[in-house]
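The values are calculated or read from the model by the stated rules, or taken from the named source; none is laboratory data. It should be emphasised that the depicted structure is a prediction, and the values quoted were computed from it without experimental measurement. Please note: Cβ atoms are built from the backbone with ideal geometry, for glycine as well, and neighbour counts cover all protein chains shown. Side chains are part of the model used for accessible areas, which takes the heavy atoms of the whole protein and leaves out ligands, DNA and RNA. Shrake-Rupley method; radii C 1.70, N 1.55, O 1.52, S 1.80 Å.
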There are 2 protein chains.
Amino acid sequence: MNKFLFFGTKVNETEVLIEGDDHRHCTTVLRNSVGAQILCTDGQGHKIVGTLDSIHKKHSILRINEIEKHLLPAHQLHIAIAPTKNISRIETFLEKVVEIGIQEISFIYTKNCERKSIKLDRLKKIARSAMKQSWKYHEPVLNELQSYQDFMSRDFSASANFMLHFDNVATHLVSADFKEKNLFLIGPEGDFTPQEIELSKEKGFQTMKLGEAVLRTETAGIVACTVFRMGLIS
Amino acid sequence: MNKFLFFGTKVNETEVLIEGDDHRHCTTVLRNSVGAQILCTDGQGHKIVGTLDSIHKKHSILRINEIEKHLLPAHQLHIAIAPTKNISRIETFLEKVVEIGIQEISFIYTKNCERKSIKLDRLKKIARSAMKQSWKYHEPVLNELQSYQDFMSRDFSASANFMLHFDNVATHLVSADFKEKNLFLIGPEGDFTPQEIELSKEKGFQTMKLGEAVLRTETAGIVACTVFRMGLIS
């Protein structure tokens with residue numbers, strides 16, 4: 001029972017609906033039949049132990065036996081990142097940061113960004129798969145690609161805000177003071193423009209670096225997420 | 001001139017030989033001709049500025065104008081990792097840790113490891129490409145796949161040695177004391193066996209964890225490398 005975590009929708013206090021790939025994986029691939037014990041999550045913090053109650057062509061129904069509420073971590077991370085030209089690099093980033101622990105991801109279109117569209121549904125599938133793989137009960141929020149200007153027009157007063165940027169920056173992210181909510185901006189392969197950096201400063205962002213190494217966009221995202229999560233432990 | 005770093009072999013004090021993909025990339029793709037200024041490295045710590053002296057079918061010769069010797073970092077990392085069933089995951093690990101900074105990688109075949117062979121030449125190409133991409137002048141050492149028993153039969157007295165392992169381990173890697181030379185052991189998807197863990201203890205390895213998250217093998221490798229590199233900065 002304990003080897004797989006499935007994703008389901010809690011329809012009421014006693015039942016969970018399992019659909020799509022999760023339904024097929026649970027019933028066709030793993031051949032679970034009515035009466036089998038299943039572990040699932042609704043992505044809203046619930047770890048649910050249930051019994052397969054009925055199996056249909058495109059969905060199955062789970063009867064809830066136990067439900068456990070998991071809280072979000074005390075320190076939450078939102079990364080806004082420019083998508084890479086080669087989308088598989090952003091997919092690697094996404095899978096890894098979900099495993100390490102992240103609450104929200106925004107995709108931002110900056111001046112030097114070479115990709116103008118993303119398939120959010122595909123990215124959500126990858127995130128959900130990484131979430132189940134790493135036994136997380138909260139699904140991260142993924143936001144549609146938007147322009148840097150639009151993204152920067154919001155109110156950032158509720159979070160600690162950092163622009164991660166390589167060039168001539170003295171302060172390292174490992175020495176940052178994090179708040180309950182934290183936001184990292186990560187630029188494209190061609191970096192942020194001076195105007196974009198200026199705008200982040202006007203909005204009160206602190207500019208920080210991730211070390212002396214030249215990191216690809218997706219590697220910077222993974223390293224930043226690791227520094228954040230691990231930095232809170234020591 | 002400064003956009004690409006090529007890999008070349010220093011044949012004497014005045015000349016560098018550029019072959020294979022680097023030769024093709026430099027002369028055919030980027031259309032550099034005789035007299036062009038080129039940046040290259042021999043992977044032995046040298047950053048070389050040179051002038052293209054002659055272009056042949058399968059190689060080109062660079063005349064050295066300037067040579068700069070870079071030292072290895074004061075703290076060096078060797079990761080021994082079990083290759084994943086899906087080799088692309090180990091390739092992701094390799095690319096990312098080379099970017100972040102690593103000196104040696106060994107591939108170990110443990111009891112629960114599902115892959116019995118690796119293509120070392122392909123992995124070396126990936127490492128070299130990541131090295132050039134991230135402007136590193138030292139090529140990491142990559143060792144052939146060997147059994148865990150063979151790997152563990154060596155003398156480990158010159159390094160600080162850690163087994164990274166999830167189950168019920170209290171001490172987190174962020175609080176480790178690193179030496180000049182450091183070795184991390186990272187297990188396969190099915191984890192190390194109790195016997196393998198026991199053997200590491202007999203050989204004086206400290207068992208440590210990487211946090212509370214369930215990480216895939218390759219993610220554990222990337223996170224461990226980040227914790228090591230970033231931990232030395234703070």
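Of note:
- Short-range pairs are left out: with C-alpha atoms under 8 Å and at least six residues apart, the relative contact order of chain A is 19 percent.
- Surface composition of the protein assembly as shown: carbon plus sulfur atoms contribute 48% of the solvent-accessible area (1.4 Å probe, protein chains only, all chains present).
- Residue-count net charge about residue B:16 - beta-carbon cut-off 13 Å; Lys, Arg +1, Asp, Glu -1: -4
- The peptide list B:59-72, A:207-220, A:92-105, put in order of mean Cβ contacts within 10 Å with the highest first, becomes A:92-105, A:207-220, B:59-72.
- Net dipole in debye of the protein assembly as shown [+1 Lys, Arg Cβ; -1 Asp, Glu Cβ; about Cα centre; nearest 20]: 940
- Against the main long axis of the alpha-carbon atoms of chain B, helix B:217-231 sits at an angle near 80°.
- Normalised per residue, the accessible area of chain B is 47 Å², obtained with a 1.4 Å probe and no contribution from ligands, DNA or RNA.
- Computed with a 1.4 angstrom probe on protein heavy atoms, the B-A interface buries about 2200 square angstrom of accessible area in total.
- Cα-based helix-to-principal-axis angle, A:87-100 vs chain A, degrees rounded to 10: 70
- Burial annotation for region A:93-124: residues with an accessible-area loss of at least 10 Å² between the isolated chain and the complete set of protein chains, computed on heavy atoms with a 1.4 Å probe, are A:95, A:96, A:99, A:100.
- Counting only aspartates and glutamates at least 8 places from residue A:181 when in the same chain, those with an alpha carbon closer than 14 Å to its own are A:104, A:155.
- Under a 5 Å amide H cut-off, with hydrogens placed 1.01 Å from N, residue A:206 pairs with A:161, A:162, A:163 among residues at least 5 apart or on other chains.
- Per-residue [θ]222 nm for the protein assembly as shown (sum of -39500 (n - 2.57) over DSSP H runs n ≥ 4, rounded to 500): -8000 deg cm²/dmol
- The accessible-area loss of region A:200-234 on complex formation, taken against its chain alone with a 1.4 Å probe, reaches 30 Å² or more at A:213, A:214, A:216, A:219, A:222, A:223, A:226, A:230, A:233.
- By accessible area with a 1.4 Å probe, ligands and nucleic acids excluded, highest first: order of B:78, B:138: B:138, B:78
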